[in-house]
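A.B. asks: Sharing a structure here in structure tokens format.
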Amino acid sequence: MTDVLRFFDEAQIRDPYPRYAQWRERHPIWRDGDSRRWVLSRHEDVLDVLKDHRRFSSAAMGAAVPLPTLTDDPPRHTQLRSIVNKAFTTAMLKSIEPDIAGIANDLVEALPVGRDIDVVDRLTTPLPVTVISRMMGIPEARKADFKRWSDALTGTLAGASPAARQAELMEMAQFFRDLIPQRKAHPSSDLFSAVANAEVDGVGLSEQEIIGFNILLLIAGNETTTNLLGNLLNVLADRPDLWERLRREPELIDVAIEEALRFDSPVQFLMREAKVDVELHGQRIAAGESVIVVMGSANRDTAVFDTPDEFLLDRVRGRHLSFGYGIHFCIGAPLARIEARFAMRALLERAPHIERGNGHEQRVGSHLLRGFEALSLQLTD
């Protein structure tokens, strides 16, 4: 390979998919010219790394604020994950469906018909932020803070310098820190109380773990839904045939959500660190080196998906990796699917047609996340 390949450049943000196709075909493994991390883009390789926590540690994900379960490996990961799993049981999610439906319906009913709307500002952001605020028992008046802090953590806070981002993260951590004594003294049925009072082998979590857990819940219940819905609506705005079919066959809404996750994944990649020397495609990944596994590319691998660059409601083959795989499967996945389902139901019932508006459209300025900061659409009769 004579040309230097770079993963973290502007072309990656604009449209990564043509590049992914070239990598899958010509460079199944390569080293980023800037970060020196190895890059894997084929479905088989991405899946193998994600499910093999014995050879590939999630510690490489890192974070400005440590996030339990996201950056931990077994056995500690298993112990901590059980705390979150108790909060995201099928029964619990089923119990909050009416509340989620009500929030989605209220937001959609407030959208004007026949006028430009920024669907990110009016729907895809406030829906998940409102839901997770209620689940965590956090005042909904702090919704704007939640979104700002979330963007700072994921690196998508528009125009923010590293110092400004760090200040936002410190403010977020302090907000959660101040709540801990209150929720320990007067616990309720919210998620924050559950985490603040949780124990592992009879020992309570540290302050840092409680803060990290709640930050993780905030992100898991926020970014995925915002980007999933934005990416799905972006496709449907150019495909009136799909919108009309979904109105006729609302039972296909869940299929459309899964296809959106595959077609334009909200999280494009994860990072892992090799625990031992590993050889792939004739290249040696040394213990301690980092690997970028690109789910956004794996989801369009022709070895798994027929006509992967087409958005199809009749797709039957292949399994996308947008929520990861195995022990680190995204904890917010079930909630994101429910929120997207009720938002789409409300939109399809409200408007016979959807089309692009004349306002601002801006992709999220992130290599990790793929979604929209602004997306101008119109609901029309």
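A.B. asks: Quickly run through segment 15-26 and pick out the residues that are surrounded by fewer than 17 Cβ atoms within 10 Å (Cβ to Cβ) and of a type outside the set (S, T, N, Q). Spell out the reasoning first.
C.D. replies: Step one: filter segment 15-26 for residues surrounded by fewer than 17 Cβ atoms within 10 Å (Cβ to Cβ), giving 15, 17-18, 22, 25-26.
Asp15, Tyr17, Pro18, Glu25, Arg26 - these are the residues of segment 15-26 that are surrounded by fewer than 17 Cβ atoms within 10 Å (Cβ to Cβ) and of a type outside the set (S, T, N, Q).
A.B. asks: Scan segment 272-280 and give yes if some residue there is at pLDDT below 95, surrounded by 21 or more Cβ atoms within 10 Å (Cβ to Cβ) and within 25 Å of Thr225 (Cα to Cα), otherwise no.
C.D. replies: Yes, there is a match, as at least one residue in segment 272-280 is at pLDDT below 95, surrounded by 21 or more Cβ atoms within 10 Å (Cβ to Cβ) and within 25 Å of Thr225 (Cα to Cα).
A.B. asks: Pick out the one residue from Ala167, Ala196 that is of a type outside the set (Asp, Glu) and either open to solvent by 40 Å² or more (accessible area, probe 1.4 Å) or modelled with pLDDT under 85 (or both).
C.D. replies: Result: Ala167 is the single residue among Ala167, Ala196 that is of a type outside the set (Asp, Glu) and either open to solvent by 40 Å² or more (accessible area, probe 1.4 Å) or modelled with pLDDT under 85 (or both).
A.B. asks: Glu361 is checked against (1) open to solvent by 50 Å² or more (accessible area, probe 1.4 Å); (2) more than 28 Å from Ala152 (Cα to Cα); (3) not hydrophobic (A, V, I, L, M, F, W, C) and fails just one. What number does that condition carry?
C.D. replies: (2)
A.B. asks: Which members of segment 29-53 meet the condition of being in a loop (DSSP other than H, G, I, E, B), more than 26 Å from Gln166 (Cα to Cα), at pLDDT 90 or above and open to solvent by 10 Å² or more (accessible area, probe 1.4 Å)?
C.D. replies: Gly33, Arg42, Asp52 - these are the residues of segment 29-53 that are in a loop (DSSP other than H, G, I, E, B), more than 26 Å from Gln166 (Cα to Cα), at pLDDT 90 or above and open to solvent by 10 Å² or more (accessible area, probe 1.4 Å).
A.B. asks: Restricting attention to segment 109-141, and to residues there that are under 21 Å from the mean Cα position of the chain (by Cα) and open to solvent by 30 Å² or more (accessible area, probe 1.4 Å), which single residue is farthest from Ile210 (Cα to Cα)?
C.D. replies: Asp118
A.B. asks: Would you check which residues across segment 208-241 are part of a helix (DSSP H, G or I), at pLDDT 95 or above and open to solvent by 10 Å² or more (accessible area, probe 1.4 Å) and list them?
C.D. replies: Asn234, Val235, Pro240, Asp241
A.B. asks: Being open to solvent by less than 30 Å² (accessible area, probe 1.4 Å) and in contact with a Pro (Cβ under 7 Å, 6 or more places away or on another chain) is the filter; apply it to segment 316-353 and report the residue that is farthest from Pro126 (Cα to Cα).
C.D. replies: Ser322
A.B. asks: Also: With respect to the numbered conditions (1) within 21 Å of Val235 (Cβ to Cβ); (2) at pLDDT 95 or above; (3) open to solvent by 20 Å² or more (accessible area, probe 1.4 Å), which one is the sole condition not fulfilled by Arg262?
C.D. replies: (3)
A.B. asks: Out of curiosity, is Ile292 open to solvent by less than 60 Å² (accessible area, probe 1.4 Å) and assigned to a strand (DSSP E or B)?
C.D. replies: Details: open to solvent by less than 60 Å² (accessible area, probe 1.4 Å): yes; assigned to a strand (DSSP E or B): yes.
Criteria met by Ile292.
The values are calculated or read from the model by the stated rules, or taken from the named source; none is laboratory data. Model, not experiment: these values are computed from the prediction. Neighbour counts run over all protein chains shown; Cβ positions are idealised from the backbone, glycine included. Remember, those area values only see protein heavy atoms, side chains included, never the ligands or the DNA or RNA. Shrake-Rupley method; radii C 1.70, N 1.55, O 1.52, S 1.80 Å.
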